[in-house]
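Trainee: Here it is: the structure, laid out below.
The values are calculated or read from the model by the stated rules, or taken from the named source; none is laboratory data. Since the model is a prediction, treat every value here as computed from it, not as a measurement. Here the Cβ positions follow ideal geometry from the backbone for every residue, glycine too, while neighbour counts run over all protein chains shown.
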């Protein structure tokens, strides 16, 4: 296992019991699971095992910290990840969209996601949604009716998604991410 290729991915459902100690619950039935991207530049990866972490002298917490560091560097520098603001502050659509890469949904766990989104969207109250593995949508939280409208629009846009995940919403704050129930 090369720790420079260690990344967190969001996966739905409870992890395999043998790997449960390595998974971090994120909310809405998602877990952050560690993967070793075996072929940099090509999407190919395998789940990291507890034995691999022990052999590398890492605890699960240390491995997740390294994976988040790698994800942060990836998000800052990889041209394969599209990060764009769609719409404008006055319109019904004003989103920050991470897309076009299998790690896009995992960007929900970026340590600076709240600050970055707050700056680009010009709002303090923020929500996020991971409709598929290759997308993360962040938007200003303008209340329950607005959230419902955004989810309806995302359901329409993502109706034909190859790998759908969830339309569950997460609140973004300076302290981190938490599911909105």
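Trainee: Considering each residue of the stretch 113-159, count those that are in a loop (DSSP other than H, G, I, E, B) and loosely packed, with under 15 Cβ neighbours inside 10 Å, and give that number.
Mentor: So the count comes out to 5.
Trainee: Here is a further query. Exactly one of (1) within 26 Å of residue 38 (Cα to Cα); (2) assigned to a loop (DSSP other than H, G, I, E, B); (3) in contact with a helix residue (DSSP H, G or I) (Cβ under 7 Å, 6 or more places away or on another chain) is unmet by residue 162. Its number?
Mentor: Among (1) within 26 Å of residue 38 (Cα to Cα); (2) assigned to a loop (DSSP other than H, G, I, E, B); (3) in contact with a helix residue (DSSP H, G or I) (Cβ under 7 Å, 6 or more places away or on another chain), the lone unmet condition for residue 162 is (3).
Trainee: Has the stretch 45-59 got any residue that is in contact (Cβ under 8 Å) with a residue 12 or more places away in the chain and closer than 23 Å to residue 162 by Cα? I'd like the intermediate steps shown before the answer.
Mentor: First pass over the stretch 45-59, keeping only residues in contact (Cβ under 8 Å) with a residue 12 or more places away in the chain: 45, 47-50, 52-53, 55-56, 58.
Cutting the leftovers down to closer than 23 Å to residue 162 by Cα gives us 45, 47.
Within the stretch 45-59, one or more residues are in contact (Cβ under 8 Å) with a residue 12 or more places away in the chain and closer than 23 Å to residue 162 by Cα.
Trainee: With the requirement that a residue be under 14 Å from residue 135 (Cα atoms) and without any contact (Cβ under 8 Å) to a residue 60 or more places away in the chain, what does the stretch 152-168 give you? Walk me through how you get there before you give the answer.
Mentor: Going through the stretch 152-168, the residues under 14 Å from residue 135 (Cα atoms) turn out to be 154-155, 157-168.
Hits for the stretch 152-168 are 154, 155, 157, 158, 159, 160, 161, 162, 163, 164, 167.
Trainee: Restricting to strands (runs of 3 or more DSSP E) lying wholly in the stretch 1-61: which have 3 or more residues that are within 17 Å of the chain's Cα centre (by Cα)?
Mentor: Working: elements: 6-12, 24-27, 30-37, 45-47.
Of the strands (runs of 3 or more DSSP E) lying wholly inside the stretch 1-61, those with at least 3 residues that are within 17 Å of the chain's Cα centre (by Cα) span 6-12, 24-27, 30-37.
Trainee: What's the total number of residues in the stretch 1-12 that are crowded, with 16+ Cβ neighbours inside 10 Å and over 18 Å from residue 101 (Cα atoms)?
Mentor: Going through the stretch 1-12 one residue at a time, the tally reaches 2.
Trainee: How many residues, within the stretch 152-163, are under 15 Å from residue 94 (Cβ atoms) and within 19 Å of the chain's Cα centre (by Cα)?
Mentor: Narrowing the stretch 152-163 to residues under 15 Å from residue 94 (Cβ atoms): 153-154, 157.
Those still in the list that are within 19 Å of the chain's Cα centre (by Cα) too: 154, 157.
Of the residues in the stretch 152-163, 2 are under 15 Å from residue 94 (Cβ atoms) and within 19 Å of the chain's Cα centre (by Cα).
Trainee: While we're on this one: Among 96, 68, which is surrounded by 14 or more Cβ atoms within 10 Å (Cβ to Cβ), modelled with pLDDT of 90 or more and outside any strand (DSSP E or B)? Full working, then the answer.
Mentor: Working: 96 fails: outside any strand (DSSP E or B).
After ruling out the rest, the residue left standing is 68.
Trainee: Hey, among the residues in the stretch 119-129 that are in contact (Cβ under 8 Å) with a residue 12 or more places away in the chain and over 14 Å from residue 98 (Cα atoms), which one's nearest to the chain's Cα centre (by Cα)?
Mentor: First, the residues of the stretch 119-129 that are in contact (Cβ under 8 Å) with a residue 12 or more places away in the chain: 120-123, 125-129.
Retained after the next criterion (residues that are over 14 Å from residue 98 (Cα atoms)): 122-123, 125-126.
Working: 122: 21, 123: 20, 125: 18, 126: 15 Å.
Of everything passing the filter in the stretch 119-129, 126 is nearest to the chain's Cα centre (by Cα).
Residues are listed down the side, and each one gets a yes or a no for (1) loosely packed, with under 14 Cβ neighbours inside 10 Å; (2) within 22 Å of residue 135 (Cα to Cα); (3) modelled with pLDDT of 90 or more:
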position: 14; (1), (2), (3): yes, yes, no
position: 17; (1), (2), (3): yes, no, no
position: 31; (1), (2), (3): no, yes, yes
position: 45; (1), (2), (3): no, yes, no
position: 84; (1), (2), (3): yes, yes, yes
